[in-house]
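Colleague: Supplied in C-alpha cells, the structure appears directly below.
Taken together, the values in this text are just the output of simple stated rules run on the coordinates, not laboratory data. Keep in mind that this is a model prediction, so the values were computed, not measured. Neighbour counts run over all protein chains shown; Cβ positions are idealised from the backbone, glycine included.
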Amino acid sequence: MCGIFGYIGARDPLEICLSGLEQLEYRGYDSTGIAGVGNGEIKFCKKAGKLSNLLQAMNLRNLESAIGHTRWATHGPVNDQNAHPHLDAANSMAIIHNGIIENHHVLRMDLIASGVLFTSDTDTEVIVQLVAKFYAGDLAAALQKALSLVQGIYAIALIHKNHPGQIIAAAKECPLAIGVDPTTKESFISSDPNTFLSSNLDICFLHDGEIAIIQRGHVHVFNTKHEIIRKKTERLELQYTVPSKDGFAHFLLKEIYEQPNTVYKAILGRFQEQTGNVEFESLGFTDEQLSSYKKVCILACGGSAHAGSIGAAYLEELAHIPSQCEIASEARYRSLLLTPDTLVIAISQSGETADTIAALRIAKAAGCKILAICNVKHSTITREADAVIYLKAGAEISVCSTKALTSQIAVLALFALHMARLRGLPVEVAQTFFNNLKQIPDQINQVLLAAPKLQALAEKYAHYEDFFFIGRLYMYTTSLEGALKLKEISYVNANGCPAGELKHGPIALINANFPVVAFCANEQTKDKILSNLAEVKARGAPVLAFAPVGMDGVQAIADDIFWLPPTTDMLAPFTSTVAAQLLAYYIALKRHCNIDQPRNLAKSVTVE
Ligand code: F6R
C-alpha cells in the first residue's frame, strides 16, 4: 500500500516528485524517499515518518529524473533503512516498490550465499540486488530477468546512474499509470493518475508483466517476451485542486460537515419524481439485464462493507431480491458459488482496495458482471468493472472515511429503488421513499448543528478505554461503523455488537468502566433495544443512547441521550452515523490523537 511517483522532463524533477508524494501520502505515511540521477551518480534522500520529515532532511539538487516513494510498512519496521528507495551494493541503481514479494526470504538467502550484503529488512531490496546481479548494460532486460524469479505483486520504478534519461517501470496486480506529454517532452509515472500535475497527458496503465522504458516525452512498453507493444492511451479529465481544510481544524471534520452536500449530490438528478423511476447516468446495464438477476452479491472492505450491508438490506426490503454483502478479504478465499445470474457490486471509495479488486476478479472469472460504486475516477475498480456509479463526494483526504460512506448508502438506496421499480414496486411507494431520502441532507444538517452537545458528551466519555456499540437491524450495521470510527481515530477498544447478541457472551465484559453506546432509531425493534439497554444498565454500564426525538422509554434507562431527527428505519443510518462520526472525532480530539492520519493506517489498502 505504498505510493510511487516518477518524473522526467524539463521541470525540476525533485519539486514535481515532492508534489506527487504529497498527494500520494494517503497510500501510506510510514516513511518517504526520493532518488534521482545527477552528475552521473545516484542521489537519494529517505526518512522514516511523514513527508514533512523528508522535506526537513532534503539535500538533493540538480536531478535529471526522479522517483519518489511513500511507504506503508509490510516487511521490516518503520525506520530510515527500510524507507524506499533501495540501492544495490554499488549504489549504481535505485528502486521503489509498491506491493509484496512473497518469496523474498528464499531469494535473499540465495543472494546472501553469493556474497550480497543487505542493508534493509524489506522484500523490495531483493529485487534491486537481483537486478544488479543480472545487469550487463540493458536495465530493462535485467529487471525482467529479476522479476521472472519473483513471486508476488508489484509496481516498480527503477533508475540507473548509467541511464540518466530513463525510468524503468514494471507492474503486476498493482496499479501503475504512465503519463506522457510529447509536446513539452515530459513523462510521469504514478500509482494514481489523479496525482499527475498536468492535464495534457496521454495516459496508459501497465498490465501484468509489462515493462516500460520511460524517457522525456515518450515511452516504450515491452511484453513478457521483451517484444515492444503499442499501448492504447487515453486523455483523462484530471482536475487537480490542492486539498484545503477550508478553515476546519482537520480534514475529517471538514468532510463530516460536507455531508449534507455530498449526500445531496449523490441523489441529485437521479430520481424522476413524476414517474418514480431512478436514472443513473450511463449505468451500463439495461433494465432487462437488471431484471434478470436472481441474486446480488456485494463485495467491499471496512467501512464500505458496512455501507454494503445496509445496501444488501435495502435490496432485500425494497426489491425483494436475495442479497448478501461479503467482506472481500474473506470472500476471495471462500467458495461463494457465484454464477452469472448474480449481479456483483464492488463498493470502494478509493477503487484501489486490493482485497476488493481480487474478489471482483474472482467474480468476473465466474462469469458475473460487475457494477462498481466508487468515488475515485480512473481507479482500478472503475477500470475493471462493467459499469460504475460514482459517488461524486469529492476527494476524501482524511484516512478515516466519513462522507464516502454516507454517499455510498445514498447511492445504494437509489440503486435498490431502481431494482425495486423493475420488480414492480408501486410508483407511490418509490415516491414516498425518495421524499424521505430527500430530507436526509437537511436532517444531517440538524445533527451538525447539535455538534456542541456531542462534544460535551465526548468530553464525558473520552477517558473510557472500552466501549460496546450496539443496535439492531440497520442500527446494528451503524453500530459497527460507529465502533470502527472510534477505534480508528482515538485508539480505544470499541466493539460493534448486535444488541441481541450481548447476552450470548459479550455482556460478561460489562462493568461501570465499559460504556454502551446504543443506536435506538429502528422503530421495528424499539422495545427490544430498550430491554437490552436495561440489561446492561442493571450491570453498571454507563449508557449513551442515540435516539430519535420522541422515543419513549429511553430516558428512564440511558445516562445520556443524543436526540436525532426522526426518519424511517431504512434511512436512520445516515443521521446516526453522522452523530457517531462526531462523537469519535471529539473523543479523538480530547485524547490528542492524530486525527487525519491515524497510526498504522493508510487511506488506500493496496495490499492484502
Ligand atoms: C474506515 C475506512 C476503511 C475503508 C476500507 C475500504 O474509516 O476508511 O475501513 O472503508 O479500507 O476502503 P475503500 O472504500 O477505499 O475500498
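Colleague: Pull up all non-local amide H partners of SER31: gap of 5 or more, or a different chain, and H-to-H distance under 5 Å with H placed in the peptide plane.
Modeller: GLY49, ARG71
Colleague: How long is the gain from VAL78 to TYR333 if the chain were fully straight, where each residue apart is worth 0.36 nm and the alpha carbon distance is subtracted?
Modeller: Extra length from VAL78 to TYR333 when fully extended: 88.8 nm.
Colleague: Another one. For ASN513 and LYS438 in one chain, what is 0.36 nm times their gap in residues minus the Cα-Cα distance, to one decimal in nm?
Modeller: Answer, rounded to one decimal: 23.0 nm.
Colleague: Step through the residues of the range 27-37 one at a time and calculate ³J(HN,Hα) from phi using the Karplus curve (6.51 cos²θ - 1.76 cosθ + 1.60, θ = phi - 60°), rounding each to whole Hz and writing x for Gly and Pro.
Modeller: 8, x, 9, 6, 7, 9, x, 9, 9, x, 9
Colleague: In nanometres, what is the gap between the two model label sites at ASN103 and ASP552, each 7 Å from Cα along Cα-to-Cβ?
Modeller: 7.0 nm
Colleague: Non-local amide H neighbours of THR606 (under 5 Å, H modeled in plane, Pro and chain starts lacking H): which ones?
Modeller: Long-range HN contacts for THR606: ALA354.
Colleague: With Cβ to Cβ distances under 14 Å as the rule, what net charge do the other residues near ARG11 carry (K, R +1; D, E -1)?
Modeller: -3
Colleague: Taking a label point 7 Å from the Cα of GLN446 along the Cα→Cβ vector, which residues of the range 403-440 have an amide N closer than 14 Å to it?
Modeller: Taking a point 7 Å out along Cα→Cβ of GLN446, the residues of the range 403-440 whose backbone N falls under 14 Å are 436-440.
Colleague: Would you please put 393-399, 482-488, 549-555 in order of how densely packed they are, using the mean number of other Cβ atoms within 10 angstrom per residue and starting with the highest?
Modeller: Highest-to-lowest ranking by the protection proxy: 482-488, 393-399, 549-555.
Colleague: Which lysines have a Cα lying under 27 Å from the Cα of LYS503, excluding residues fewer than 8 positions away in the same chain?
Modeller: LYS460, LYS485, LYS487, LYS526, LYS528, LYS537
Colleague: Using the Cα centre of the range 190-249 as origin and beta-carbon charges of +1 (Lys, Arg) and -1 (Asp, Glu), tell me which of PHE222, GLY209, PHE248 is placed farthest towards the positive end of the dipole.
Modeller: With unit charges placed on the Cβ atoms, the residue in question is PHE222.
Colleague: Another question, if that's okay. Please compute the contact order of the range 264-423 in relative form: average sequence separation of alpha-carbon pairs under 8 Å and at least six residues apart, divided by the residue count, as a percent.
Modeller: 29 percent
Colleague: What 222 nm value per residue comes from the helices of the chain, counting each DSSP H run with n ≥ 4 as -39,500 (n - 2.57) and dividing by all residues, nearest 500 deg cm²/dmol?
Modeller: Theoretical 222 nm ellipticity from helices: -10500 deg cm²/dmol.
Colleague: State the Cα centre-to-centre distance between the range 527-568 and the range 237-310 in whole Å.
Modeller: Rounded to whole Å, the Cα centres lie 31 Å apart.
Colleague: While we're here: Give, in nm to one decimal, the length gained when the segment between ARG361 and VAL427 is fully stretched (0.36 nm per residue of separation minus the Cα-Cα distance).
Modeller: Contour length minus Cα-Cα distance gives 20.1 nm.
Colleague: If you plug each phi of the range 126-139 into the Karplus form 6.51 cos²θ - 1.76 cosθ + 1.60 with θ = phi - 60°, what whole-Hz ³J(HN,Hα) values come out, in order, with x for Gly and Pro?
Modeller: Working through the residues one at a time gives 4, 5, 5, 5, 5, 4, 4, 5, 8, 5, 9, x, 10, 5 Hz.
Colleague: Further question on the same structure: Can you compute 3J(HN,Hα) from phi for each residue in the range 574-581, using the Karplus curve 6.51 cos²θ - 1.76 cosθ + 1.60 with θ = phi - 60°, rounded to whole Hz and x for Gly and Pro?
Modeller: 4, 5, 5, 5, 4, 4, 5, 4
Colleague: Can I ask one more? Between SER148 and ALA395, how high is the FRET efficiency from 1/(1 + (r/R0)^6) when r is the Cβ-Cβ distance and R₀ = 51 Å? Nearest 0.05.
Modeller: 0.85
Colleague: Same structure again: Classify the chain from the C-alpha gyration tensor, please: rounded if a/c falls under 1.5, else prolate or oblate depending on whether a/b exceeds b/c.
Modeller: prolate
Colleague: Shifting gears a bit: For LEU63, list long-range residues whose amide hydrogen, built 1.01 Å from N in the peptide plane, is under 5 Å from its own amide hydrogen.
Modeller: LEU14
Colleague: Continuing with this model, one more query. From Cα pairs below 8 angstrom and at least 6 apart in sequence, can you work out the relative contact order of the chain, rounded to a whole percent?
Modeller: Answer for the chain is 12 percent.
Colleague: State whether the range 245-438 is rounded, prolate or oblate according to the following rule on the C-alpha gyration tensor (a ≥ b ≥ c being the square roots of its eigenvalues): a/c under 1.5 gives rounded; otherwise a/b larger than b/c gives prolate, and the remaining case gives oblate.
Modeller: Taking the square roots of the gyration eigenvalues as a ≥ b ≥ c, the range 245-438 is oblate.
Colleague: So, one more: What FRET efficiency do you get for ARG11 and GLU41 if R0 is 25 Å and r is their Cβ-Cβ distance, rounded to the nearest 0.05?
Modeller: 0.70
Colleague: Among all the aspartates and glutamates, which ones have a C-alpha under 20 Å from LYS231's C-alpha, if same-chain residues fewer than 8 places away are not counted?
Modeller: Reachable aspartates and glutamates: GLU173, ASP181, GLU186, ASP192, ASP202, ASP208, GLU210, GLU384.
Colleague: Simple spin-label model, 7 Å along Cα-to-Cβ: ALA538 to THR184 in nm?
Modeller: Placing both labels 7 Å beyond Cα along the Cβ direction yields 7.0 nm.
Colleague: Shape call for the range 122-202 from the C-alpha gyration tensor, a ≥ b ≥ c root eigenvalues: rounded (a/c under 1.5), prolate (a/b greater than b/c) or oblate?
Modeller: In terms of gyration-tensor shape, oblate.
Colleague: Modelling each spin label as a point 7 Å along the Cα-to-Cβ direction, I'd like the ARG61/GLU523 distance in nm, to one decimal.
Modeller: Roughly 7.3 nm, to one decimal.
Colleague: At a threshold of 8 angstrom on Cα-Cα distance, excluding pairs fewer than six apart, so keeping six or more, what relative contact order does the range 440-608 reach in percent?
Modeller: For the range 440-608, the relative contact order is 30 percent.
Colleague: OK, next. May I ask which residue of ALA512, ASN79, PRO548 lies farthest towards the positive end of the charge dipole of the chain, with charges of +1 (Lys, Arg) and -1 (Asp, Glu) on Cβ and the Cα centre as origin?
Modeller: ASN79
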